[in-house]
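Participant: The following block contains the structure, expressed as structure tokens.
FYI, it's all coordinate maths here, none of it is from the lab. Small disclaimer: the values here were computed from a predicted structure and weren't measured. Cβ: placed from backbone, ideal geometry, glycine included. Neighbour counts: every protein chain shown.
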Amino acid sequence: MRCAAAFRLPRTLLAVQRPDAHWRHSVADEHDIPGFDHEHGDIDWDLSQMEDIEGIETLTLTSVGIDIGSSTTHLVFSKLTLRREGGSFSARFRVADRAILYRSPIMLTPYLHGTRIDTDTVIEFVRQAYAEAGLTPENVDTGAVVITGEALKKENARPIAEFFAAESGKFICASAGHNMEAMLAAYGCGAVALSKSNSSTVLNIDIGGGTTKLSLIRDGVVLQTSAVSVGARLVAFDANGLVQRIEEPAATVARELGIHLALGEPLAETDQEAIAAKLTEVLFEVLGGGAYSPLTESLLLTDRLVLAPDLAEIDHVICSGGVSEYVYAHESRTFGDLGPRLGRMIRAGLVMADRPELLNEPAEGIRATVIGAGEYTVQASGTTTYVSDYTALPAFGLQVIRPVLEAAETVQEAMQGALAKVDLSSMIPGLAVALSLEGQQSYQSLRRIAEGIAAIAELADDGFPLYLVLNQDVARSLGGILHEELELPRHVVVLDGIDVGDLEYVDVGRPLGATQVMPVTVKSLLFPAAVAV
């Protein structure tokens, strides 16, 4: 799900200017594609027409992440140092260093009643965090507001996100549904980085207050996500031990066990233990790769995760979320919920005598979705860009979806999988489809890709533009097939030579200079670089 608030880009970040005002660039055209002519040549670039970037080789930014979850709310401020990689015009700026400036206390997310978050308390908490960090919104360059879990269902969730986005004018606003929250956790806890660094298969289990999110990651790519109603604060207690919160999944489990559960009444410790044990049983049934009981089926929130029995195909498991603090014994205090019991039971199920390497520590536990937010990278499109109508530009805050073509039988299936990862069933305005193409492309292969994309794009009612971002220099060919041959009834913008992935957002500017190069700003949520094994 996407927040309507736009992410506005400072003018100084639109394009890179090199110290030498004139330089030459060899054009990379679409080579050896039957049916397409191409030319070679050198182009004189007059970069004096472009705007300076703040710093030629490095950028220093202040970022903030705000996480409003079903159980907890907290902030993290970071100082990011970005360094340009390579010497070419299209070189990316990547984070070379990240220093935590301030971590806020973790506040239990306040509710006025069952369907409404206490907005005033959340806003005051955030403002207090800014004050304690010695910062104001004007001091912050970039960031993200992330609303997740049961908090996302509350009636005023979107206005809260839009308040913070509008106040600064610089935020990615990502209201995360179950699948997107699973991806956020997988990146944030370091599971994706671990999988990529050692070419392994990693399972991330993010256990929060209302839900548990699962991500299956192979070679650094999130292949599947899922969610189930297993969480620490499905039932919660006040200081006197009286039940003050009952979510429907807890009521369902209590009925299954024959336990009386009512607001304002005590719940015996043996009954708390029984509910936690049943929730753990449900989770391990989801992880087991076998048949589900009727209870587990009723608590599943998304499509099921396809796993081999007994985690046989998994090299590493990383737990994150609030309950992970108990899984790894990082927290001993209780907060009036089932967290300590769930953490202890989940750890017992994951610590296998014959596989001591299975359970790994996360880079971040409870702060996995918020440890950093907002990384700017600046790129320029290749020289074979296709734009059917320039009224489609500029475009700001396009959320990237990334089909994994090699993991699906058809392009349509890959597109549907990419949409599902961000909790969408069809194309909507404000998306950019990122394709990572392998090997040399032929007309036939591009035609097959175009037909698959068109089949999904044509299902959308509104005639909003279709934005594609490619890693190879075949934008002109693919755009021509889509717009001129298949006559897709919408504007088509195809950029090449751009490297983007899951959880990133792009701004696309109007063409610059005689070469009509497209300035592209990539904004991504920033996560830890690695996890120790």
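Participant: State, to one decimal in nm, how far the label point of I100 lies from the label point of F464, with both points 7 Å from Cα in the Cβ direction.
Facilitator: 3.6 nm
Participant: Quick one: grab the alpha carbon gyration tensor of region 179-360, order the square roots of its eigenvalues as a ≥ b ≥ c, and give me rounded if a/c is under 1.5, else prolate or oblate depending on whether a/b is larger than b/c.
Facilitator: Prolate shape, in that a/c is at least 1.5 and a/b is the bigger ratio.
Participant: Where both partners of a DSSP beta bridge lie in region 382-517, what percent of those bridges are antiparallel, to the nearest 5? Can you show the working numbers first?
Facilitator: Details: 6 of 17 bridges.
Bridges in region 382-517 that DSSP calls antiparallel: roughly 35 percent.
Participant: Moving on. Rounded, prolate or oblate: which fits region 385-512 when a ≥ b ≥ c are the square roots of the eigenvalues of the alpha-carbon gyration tensor, with rounded for a/c under 1.5 and prolate only if a/b beats b/c? Show your work: numbers first, answer last.
Facilitator: Numbers: a/c = 1.21, a/b = 1.07, b/c = 1.13.
Judged from the Cα gyration tensor, region 385-512 comes out rounded (a/c under 1.5).
Participant: Calculated FRET efficiency, A308 and E265, Cβ-Cβ r, R0 45 Å, to nearest 0.05? Could the numbers behind the result be given before it?
Facilitator: Values: r = 43 Å, r/R0 = 0.96.
For A308 and E265, the calculated efficiency is 0.55.
Participant: Percent relative contact order of region 179-360, based on C-alpha pairs within less than 8 angstrom and at least six residues apart? Working shown, then result.
Facilitator: Numbers: 355 pairs, mean separation 41.6, N = 182.
With pairs under 8 Å counted, the relative contact order is 23 percent.
Participant: Tell me the net charge near Y326. Cut-off is 12 Å between Cβ atoms, Y326 excluded, with +1 for each Lys or Arg and -1 for each Asp or Glu. Walk me through the numbers before you get to the answer.
Facilitator: On the way: positive: R333, R341, R344, R347; negative: E325, E331, D337.
For residues surrounding Y326, the net value is +1.
Participant: Just want the ordering: D507, D118, from fewest to most Cβ atoms lying within 10 Å of their own Cβ.
Facilitator: On the way: D507 23, D118 15.
If I rank by nearby Cβ atoms, fewest first, I get D118, D507.
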